[in-house]
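**Student:** This is the structure I have questions about; it appears just below.
The values are calculated or read from the model by the stated rules, or taken from the named source; none is laboratory data. Every value quoted in this text rests on a predicted model; they were computed, and no experiment measured them. Cβ sites come from the backbone with ideal geometry, for glycine too, and all protein chains shown count toward neighbours.
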C-alpha cells in the first residue's frame, strides 16, 4: 500500500490553522520524528520528579504517591510515544501550580518552607514544558502525528 495515501489534510482548527496528519510509520521514519534533546530532558524531568514524588509520597500520603506514579508513568509513556501519556503530560503537572498557589496563599506568613521552593520550581518548569508540548512543532509531529500546513493557509 502506498504510504502517501495515509496523509490527510483536514479543515482548519478553531484557531484557523491547517494540519496535515501523516501515519505513524511516516512519523517514525522521518528525521524530525526522532526525539531532540529537549524532549529527552522533558521525559527525564517527568521520570525524576515522579520518582521523587513517589519517595516523598510513600511516607506522606497515598494521594501524593499516586500522583508520583502518574508522573513517572507519563515520563515512561512519552519515551514510547504513547498518546495518553502525552495528554497526561500536558494536564497532570498543573497540580504543581495548584499546590504552589495553595501553599503561597494559605499560610500568610513570611517564613517560606523548602516545599514551597520545590513547588515553585516545578510550577515554573510545568508552564514552560506544557507550553512547548502543546505548541511546539516537534512535539505535535512526534506525539500528535500532525504538522502545520502553511501552504493551505497561503492559498486562502
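**Student:** Having 3 or more residues that are at pLDDT 80 or above is the bar; report the helices (runs of 4 or more DSSP H) wholly within segment 69-156 that clear it.
**Tutor:** Details: elements: 83-91, 94-107, 114-135, 137-143, 150-154.
Where helices (runs of 4 or more DSSP H) fall fully within segment 69-156 and carry at least 3 residues being at pLDDT 80 or above, they are 83-91, 94-107, 114-135, 137-143.
**Student:** Give all pairs with beta carbons closer than 7 Å in which a residue from segment 68-87 that is touching a residue at least 24 places away in the same chain (Cβ under 8 Å) and at positive phi meets a residue that is surrounded by 15 or more Cβ atoms within 10 Å (Cβ to Cβ) and part of a helix (DSSP H, G or I); count only pairs at least 6 apart in sequence or on separate chains.
**Tutor:** 81/142; 81/143
**Student:** Ok, one more. If I ask for residues that are part of a loop (DSSP other than H, G, I, E, B) and modelled with pLDDT of 60 or more, which ones from segment 1-27 would you list? Let's see the steps before the verdict.
**Tutor:** Of segment 1-27, the ones part of a loop (DSSP other than H, G, I, E, B) are 1-2, 7, 10-18, 22-23.
Across segment 1-27, the qualifying residues are 10, 11, 12, 13, 14, 15, 16, 17, 18, 22, 23.
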